[in-house]
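Below is one structure, written out as structure tokens; comments come after it.
Read-outs throughout are calculated quantities, based only on the coordinates presented, and are distinct from any laboratory measurement. Bear in mind the structure is a predicted one, so any value in this text is a computation, not a measurement. With ideal geometry, Cβ positions are generated from the backbone for all residues, glycine too; neighbour counts draw on all protein chains shown.
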Amino acid sequence: MRKSIAYSGMIAIMLVGILGSGCTEVNNKPAPKDLSLAMAGMAGSDGVSFEGSAALLREGETTPALSQYYGGKMENHNQLSLYTLLPDKGTSKTAATEGIRKLEKNGATARIHSGEKSYSSKLEKREGQWQELSKASGNNEDNPLPRLNPLLQLEQLKDVDKTVTEETGAARGTRVLRIQLTPEAARALLSRELEQEMNSFRPTNSGVKAKNTNQAKADKAIEALWQKKNNEMKQQLTKANVKAVYHLTVDKKRNLPRKLDWTRTVSYANGKKPGDQESLVVQVNFYGYH
């Protein structure tokens, strides 16, 4: 369980240079205010498209342990479609259009490409929460896309304890905000994500009276295993150091997010073996606001 703790919610920029950038407040406006305006701009948009990548990097390993390229589109303010992309299509708007078209045609079980595992998902925002419209079988059983929802990732920054500064050297017409969560906030956010993920894995017949003795024994064994793994996850999290840093590129004229880069690193005070430190690295580009 510890080996994948940073991957919840997954993630492709490298760590070098993220923490060493110079920060300041410019434009005669506090950086936290810029963040609030950008989040309000996104919340007020009826639609937006995006493409991104996520990678899990483990200390001592030269290649990502896991990686995912994906795209998506929000429509009607609260309806969201997500789908996987091939790595070489990760920045192609044509690929994104193709993904949306196939998803609309074939529904939640659409395969955007063949030859490797692919996923798709449809979500809707209800009472302030993003909810999956259906849980398909087959390739969608271990679907990571709902956890990679970039709109949710932005929304989660609203009420957490954090430090927001503005970096120098941004491209013309943009500003780059650096958001670092406090260690407590980063741990709490990860804990909440892991709890939701573990609950999704919990046996569906937990607490339901079995039809016969054999079924009852099987259900009890499965529930005991889930409880064991859930407790192990919680214990590992109490020993973990969690650090989360976000970089949000904002269109200065429209106050809308253009790009979100973020890294969450999980390490252990007594960790000495390769893989004891993991970093989830995410990069998302937004375009086509309306």
task = Take the Cα radius of gyration of region 30-87 and divide it by 2.2 N^0.38 Å, with N its residue count; two decimals is plenty.
result = 1.55
query = Using a simple charge model, +1 on the beta-carbon of Lys and Arg, -1 on the beta-carbon of Asp and Glu, nothing else, what dipole does region 236-290 show about its Cα centre, in debye to the nearest 20?
reply = 160
ask   = Taking a label point 7 Å from the Cα of Asp159 along the Cα→Cβ vector, which residues of region 55-80 have an amide N closer than 20 Å to it?
value = 78
inquiry  = Over 20 Å between Cα atoms: which of Lys122/Lys228; Lys73/Lys259; Lys73/Lys122; Lys158/Lys259; Lys162/Lys239 fall into that group?
reply    = Lys122/Lys228; Lys162/Lys239
Farthest positive-ward along region 217-280 dipole, Cα basis, beta-carbon charges - from Ala218, Asn241, Asn231 = Asn241
ask   = Cα-Cα pairs above 25 Å in region 150-268: how many percent?
value = 45
request  = Take the Cβ-Cβ distance between Arg172 and Lys33 as r, set R0 to 25 Å, and report the resulting FRET efficiency rounded to the nearest 0.05.
outcome  = 0.75
request  = Calculate the tail of P(r) for region 220-290: the fraction of all Cα-Cα distances greater than 22 Å, expressed in %.
outcome  = 51
remark   = With label points set 7 Å from each Cα along the Cα-to-Cβ direction at Ala188 and Asn212, the distance between them in nm comes to 5.0
